[in-house]
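What follows is a single structure, written as structure tokens, with notes after it.
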């Protein structure tokens, strides 16, 4: 080893008396967390990989380590306007009941959130954890997010305007449209994220244009870890017909394969339209808040970017 070069590891946020450590997540840690996530539902490696690349490493990606073993994970990402999205909350089954998850998420990470005066959104899968989030940790329920799954095919949607590849239009125009539908506007990290998001290997990204050439819809499809499965998100449209036309175009190149997306249930028209094309409920999340209501719901959102790191 050359002199004068210190090996710097991930930042340690807190060390507990029993040896439990809460620290920053590394790329190798992310693979462990992704493996945990894969066993729970259809997911994509890119949903964590892209944020890890575009966010400056700070207080966004957390790992719990005990006796040299990664035992817990949590992600808490600021997406602008003081709004954070939390997910990837998991404690390895061999290490549950020791308070590792509580210390990671509800003490260390939540303490960082309060320091930043941020508002936290989570989508908690229905069940005991969701109940505990409310009863023990004081999360406030807002509405339901539904995971839908269907088979890619021609849905028979008639659309008179134009749909083109997202990369065929000026990127600034895409950002201007995204600003109207995302939880924040002109967020420099969201811009970096979207530039990568529409260029994921084997993905598809399209925009709908009106008669004046203005963007009226945007959607992206990416491959899931599970074979012959894909996820769609975001899917934004100024109206339901536009969103459905984009959904149909995103499915066109993967006919016969499975498509999953997440939609906010208050968008009743969107839910009804997508379910009418054969998409069925897989499970539901409870959208919850901590430290304030970010009021993020918009009826033009027909699929969230993803429920792993960017639920808007």
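Using the average count of surrounding beta-carbon atoms within 10 Å as a protection proxy, the listed peptides 247-253, 156-162 rank, highest first, as 247-253, 156-162. Working from the Cα coordinates of the stretch 147-303, the gyration tensor eigenvalues give, after taking √(5λ), semi-axes of 21, 20, 16 Å in decreasing order.
Which entry in [x] 22; [y] 25; [z] 12 matches percent of Cα pairs over 34 Å apart derived from the coordinates of this structure? Answer by label: [x]. The distance from the alpha carbon centre of the stretch 9-66 to that of the stretch 76-132 is 12 Å, rounded to a whole number.
Working from Cα positions, state the angle (0 to 90°, nearest 10) between the long axis of helix 188-197 and the longest principal axis of the chain. Orientation of helix 188-197: about 70 degrees from the principal axis. The C-alpha atoms of the chain define a longest principal axis, and helix 27-38 lies at about 60 degrees to it. Between helix 171-181 and the chain there is an angle of about 80 degrees, using the helix long axis and the longest principal axis of the Cα atoms. Dividing the summed -39500 (n - 2.57) terms of all DSSP H runs of n ≥ 4 by the residue count of the chain sets its mean residue ellipticity at 222 nm at -7000 deg cm²/dmol. Report the FRET efficiency, 1/(1 + (r/R0)^6), for residue 196 and residue 282, where r is their Cβ-Cβ distance and R0 is 30 Å, rounded to 0.05. Approximately 0.65, to the nearest 0.05.
Computed over every Cα-Cα pair of the stretch 12-142 and binned at 5 Å starting from 0, the pair-distance distribution P(r) comes out as 2, 10, 21, 24, 22, 16, 5, 0 percent.
Given 0.36 nm per residue, what is the gain on full extension from residue 275 to residue 141 after removing their alpha carbon distance, in nm?
Details: separation 134, 0.36 × 134 = 48.24 nm, distance 2.44 nm.
Going from the current span to full extension adds 45.8 nm.
Throughout, read-outs are computed from the coordinates displayed, never taken from laboratory work. All of these numbers come straight from a predicted model, not from anything done at the bench. Heads up, the Cβs are rebuilt from the backbone with ideal geometry, glycines too, and the neighbour counts pull from every protein chain shown.
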